[in-house]
1. So, GLU348, is that one farther than 28 Å from LYS224 by Cα, more than 16 Å from the ligand (Cβ to nearest atom), part of a helix (DSSP H, G or I) and open to solvent by 40 Å² or more (accessible area, probe 1.4 Å) or not?
2. Tell me yes or no: at least one residue of segment 291-311 is open to solvent by 20 Å² or more (accessible area, probe 1.4 Å), within 13 Å of the ligand (Cβ to nearest atom) and without any contact (Cβ under 8 Å) to a residue 60 or more places away in the chain.
3. How many residues does segment 182-219 hold that are open to solvent by 50 Å² or more (accessible area, probe 1.4 Å) and under 22 Å from the mean Cα position of the chain (by Cα)?
4. Quick check on this structure: which one of PHE390, PHE339 is more than 16 Å from the ligand (Cβ to nearest atom), aromatic (Phe, Trp, Tyr) and either open to solvent by less than 40 Å² (accessible area, probe 1.4 Å) or outside any loop (DSSP other than H, G, I, E, B) (or both)?
5. Only one of these is open to solvent by less than 10 Å² (accessible area, probe 1.4 Å), within 13 Å of the ligand (Cβ to nearest atom) and small (Gly, Ala, Ser): ALA222, ALA253. Name it.
6. List pairs: first in segment 364-385 and within 19 Å of PHE354 (Cβ to Cβ) and among the small types (Gly, Ala, Ser), second open to solvent by 40 Å² or more (accessible area, probe 1.4 Å) and within 16 Å of the ligand (Cβ to nearest atom), Cβ under 6 Å, 6+ apart or cross-chain?
7. Every residue in segment 164-211 that is acidic (Asp, Glu), under 19 Å from TYR392 (Cα atoms) and modelled with pLDDT of 95 or more, please.
8. I'd like the full set of residues that are charged (D, E, K, R) and either surrounded by 18 or more Cβ atoms within 10 Å (Cβ to Cβ) or in a strand (DSSP E or B) (or both), limited to segment 30-75.
Amino acid sequence: MGLDGLGSWRRTHYSSEIGPELDGKEVIVLGWIRDIRDLGGIRFLILQDKEGTVQVTVPKDEVNSQVLSKVDLLQRQCCVGVRGLVRRMDKAPGGAEIIPEEIRILGVAKHPLPLDITGKTPAEIDVRLDARVLDLRRTENQAVFRIRHAVLEATRRFLVDRGFIEVHTPKIIASATEGGAALFPIAYFEKEAFLAQSPQLYKEQLVIDFEKVFEIGPVFRAEKSHTRRHVTEFISIDVEEAFVTAEDVMKLAEDLVQYVCKYVKEKCRWELNVLRRDVEVPKVPFKRLTYDEILEDLSDEGMRIPWGEDIPTPAYRLLGRLHPYFYFIVDWPTSLKPFYIKPKDEDERVSEGFDLMWRWIEIASGGTRINDKELLIRRLKEQGLQPESFKYHLKVFDYGMPPHAGWAIGLERLVMMLTGKENIREVILFPRDRFRLTP
Ligand code: ATP
């Protein structure tokens, strides 16, 4: 099928702007054919654009032959332009329809399509992810990704209002940022380099220059575990601030979560309606539970975890049932936290690190950082890391490193919470995990 050109056509209205008040007016709408209903003498084309849908009605005996011949070629998901007259029509969605005078086919859609985007025939997630661009046209996905956008918008507003500056740190790095988590090695000319697992060390260094920094960017983890809340590439919202402690940045984190929930609740009514969800604006402060209290809670439920051990997933699930809301876990054993988290002055075995939880899912983790170089070197060694590998980072501690604290929130975990999606892949455009590298 030959394609028509766009020519001088430009959109005069979005679908959502077509209403009875335009009765008799000529308009140009541009979009995709979502559905075609053929009643013999009359055909209904549902045209979708980024704002919604509008009905294009084609009564055989009222339209010209150009329109009739084009309509015969149309298939679902064809990209089209329609020039026509608006007609008031109470039965049509939006109270109006368009009677076409000319149709241009701007992009073809090959049938059969791998997915039915109207949702009449639901498909498994892997089928949908394989045809992701088509899948993203589903109304539900439009809602999910607009909410994701609103979360980012709200986060930036909130942090900028509080005097933070947005930064971007390198994603190609020479050595392991934190140790621990597995990194992806990459070939970097004659050398080996890695994809950054976190902006941690750079954002800490930057508090010397800017005091309050944030970064919203991709991070990479060679996660072998294949779960519904882990992927190998995700967006981390990172914050670091000078002259504060864990408690100050916990307050910042809970205020941000509250602000984001409020923002989404107010700005995303259509989206929440599509997802049949309500967002509860959480009250602050969130509960602060110590690691010891968590162990007691678990022990009361018959799950004993020795002090100093990490909390396994089944225990988190149980905690989620006991605390079905937001809460912080504080006073973690120092040995369970990364080397840069500050041990408490009064008891070195306990740290100033925290996690922010939503039910059983970790949303963020953070803490007061070490700003004393000697202590940092000792902690590196205690964790089996080589101070030599961190020489550029350690050097910065000779330039007047202030006391500082910060956290990282996983954007997708926040979006899962707001949209009610249980698989993180649902809230990522093109998710990456151990088994998925395409599309
Ligand atoms: P988890 O215990 O859930 O594996 P983590 O302790 O490895 O998380 P951090 O390294 O502290 O997480 O990362 C900060 C935040 O980034 C987490 O609180 C979470 O919201 C998010 N996050 C961590 N790993 C992943 C992942 N693989 N996929 C998606 N988000 C992640």
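The values are calculated or read from the model by the stated rules, or taken from the named source; none is laboratory data. Everything quoted here is computed from the prediction, not taken from an experiment. Glycine also receives a Cβ, built like all others from the backbone with ideal geometry; neighbour counts cover every protein chain displayed. Quick note on the areas: whole protein, heavy atoms, side chains included, nothing else; ligands and nucleic acids left out. Shrake-Rupley method; radii C 1.70, N 1.55, O 1.52, S 1.80 Å.
1. Values: farther than 28 Å from LYS224 by Cα: yes; more than 16 Å from the ligand (Cβ to nearest atom): yes; part of a helix (DSSP H, G or I): no; open to solvent by 40 Å² or more (accessible area, probe 1.4 Å): yes.
Spelling it out, it is not the case that GLU348 is farther than 28 Å from LYS224 by Cα, more than 16 Å from the ligand (Cβ to nearest atom), part of a helix (DSSP H, G or I) and open to solvent by 40 Å² or more (accessible area, probe 1.4 Å).
2. Scanning segment 291-311, I find at least one residue that is open to solvent by 20 Å² or more (accessible area, probe 1.4 Å), within 13 Å of the ligand (Cβ to nearest atom) and without any contact (Cβ under 8 Å) to a residue 60 or more places away in the chain, so the answer is yes.
3. 1
4. Numbers: PHE339 fails: more than 16 Å from the ligand (Cβ to nearest atom).
That would be PHE390, the only listed residue that is more than 16 Å from the ligand (Cβ to nearest atom), aromatic (Phe, Trp, Tyr) and either open to solvent by less than 40 Å² (accessible area, probe 1.4 Å) or outside any loop (DSSP other than H, G, I, E, B) (or both).
5. On the way: ALA222 fails: open to solvent by less than 10 Å² (accessible area, probe 1.4 Å).
Exactly one of ALA222, ALA253 is open to solvent by less than 10 Å² (accessible area, probe 1.4 Å), within 13 Å of the ligand (Cβ to nearest atom) and small (Gly, Ala, Ser), namely ALA253.
6. GLY367/GLU352
7. To start, the set of residues in segment 164-211 that are acidic (Asp, Glu) comprises 166, 178, 190, 192, 204, 209, 211.
Still in the running and under 19 Å from TYR392 (Cα atoms): 178, 192, 204, 209.
Passing the criteria: GLU204, ASP209.
8. Pass one, segment 30-75, residues charged (D, E, K, R): 34-35, 37-38, 43, 49-51, 60-62, 70, 72.
Result: ARG34, ASP35, ARG37, ASP38, ARG43, ASP49, LYS70.
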